[in-house]
Amino acid sequence: MRRSRLSFIVIAALTYTLAACSQGGKTTTVTSDDMSLGNPTAKVTVMEYASASCPHCAEFNNTVFPAFKAQFIDTNKIHYVFREFLTPPQDVAAAGFLTERCAGKDKYFSVLDAIYRGQQAMYQSGDVHGTLLRIAESAGLTEPQFTACINDPKAIQALSDRVETYAKRDNITGTPTFIINGKALDGEQSLASLTTAINAAQAAAK
């Protein structure tokens, strides 16, 4: 796989093992670093820990998330929070997240969606840099801006710190992981399983 110019100074330290997550100690506190959609005052908060390089996360995004968004986010029934996590190849995941943030908060989720929808073709071609550059340019970044973005030491360190802090706090070891009002669901979820968990959380919150 060609990943020219996708070099990072801290990604090697973030080699988490994909395994089942503990159910205890989950939180729903939202911070200023979080990317979110929906109603911030909703009684139910759904946090998704996901990686831009994770095929299961891409599958969820491409096949389940549109209906999930229409049913729960667009209707303001929940507050959806996306949390970044790095899975192999970590440099690809990091480059994706850095690009999304450089595009701006208003374009974060559209860039994430483009990366997920282009992920399989990117892996098949091996042209990670070219794929991400095209997505970045479609979001308004120039090639020099994109190159500076994915090689910005401060942004890389901030990403590393976010991932380490939140993953340690919520005991996240694999993606996708969903936390619904403090209760975790591990692995790729169907719309039905998420609906059941959200309905239970809404009932408990009344």
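For this structure, a couple of remarks:
- Qualifying residue in the stretch 171-178 (condition: among the β-branched types (Val, Ile, Thr) and without any contact (Cβ under 8 Å) to a residue 24 or more places away in the chain): no
- Identity of the residue in the stretch 168-189, out of contact with any strand residue (DSSP E or B) (no Cβ under 7 Å at 6 or more places or on another chain) and polar (S, T, N, Q), that ends up farthest from Glu59 (Cα to Cα): Asn171
- Between Gly96, Gly140, Gly104, the distinction of being surrounded by 17 or more Cβ atoms within 10 Å (Cβ to Cβ) and either farther than 26 Å from Ile172 by Cβ or modelled with pLDDT of 95 or more (or both) belongs to Gly96 only.
- Subset of the stretch 181-203 [surrounded by fewer than 18 Cβ atoms within 10 Å (Cβ to Cβ) and closer than 11 Å to Thr45 by Cα]: Gly182, Lys183, Gln202
- Number of residues in the stretch 181-200 that are in contact (Cβ under 8 Å) with a residue 40 or more places away in the chain and either of a type in the set (A, V, I, L, M, F, W, C) or under 15 Å from Phe68 (Cα atoms) (or both): the value is 8.
This table checks each residue for (1) surrounded by fewer than 15 Cβ atoms within 10 Å (Cβ to Cβ); (2) free of Cβ contacts under 8 Å to residues at least 60 places away in the same chain; (3) within 26 Å of Ile156 (Cα to Cα); (4) touching a helix residue (DSSP H, G or I) at 6+ places or on another chain (Cβ under 9 Å).
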site: Ser32; (1), (2), (3), (4): yes, yes, yes, no
site: Met35; (1), (2), (3), (4): no, no, yes, yes
site: Tyr49; (1), (2), (3), (4): no, no, yes, yes
site: Phe65; (1), (2), (3), (4): no, yes, no, yes
site: Tyr108; (1), (2), (3), (4): no, no, yes, yes
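- Against the conditions (1) surrounded by 15 or more Cβ atoms within 10 Å (Cβ to Cβ); (2) of a type in the set (A, V, I, L, M); (3) in a helix (DSSP H, G or I), Ala70 satisfies every one except (1).
- Phe82 meets all of the listed conditions (1) surrounded by fewer than 23 Cβ atoms within 10 Å (Cβ to Cβ); (2) part of a helix (DSSP H, G or I) but one, namely (2).
- Total residues in the stretch 134-184, condition over 25 Å from Arg117 (Cβ atoms), in a helix (DSSP H, G or I) and among the basic types (Lys, Arg): 3
The values are calculated or read from the model by the stated rules, or taken from the named source; none is laboratory data. Just so we're clear, the structure is a prediction, and the values are computed from it rather than from any experiment. Ideal geometry is used to build each Cβ from the backbone, glycine not excepted, and the neighbour counts take in all protein chains shown.
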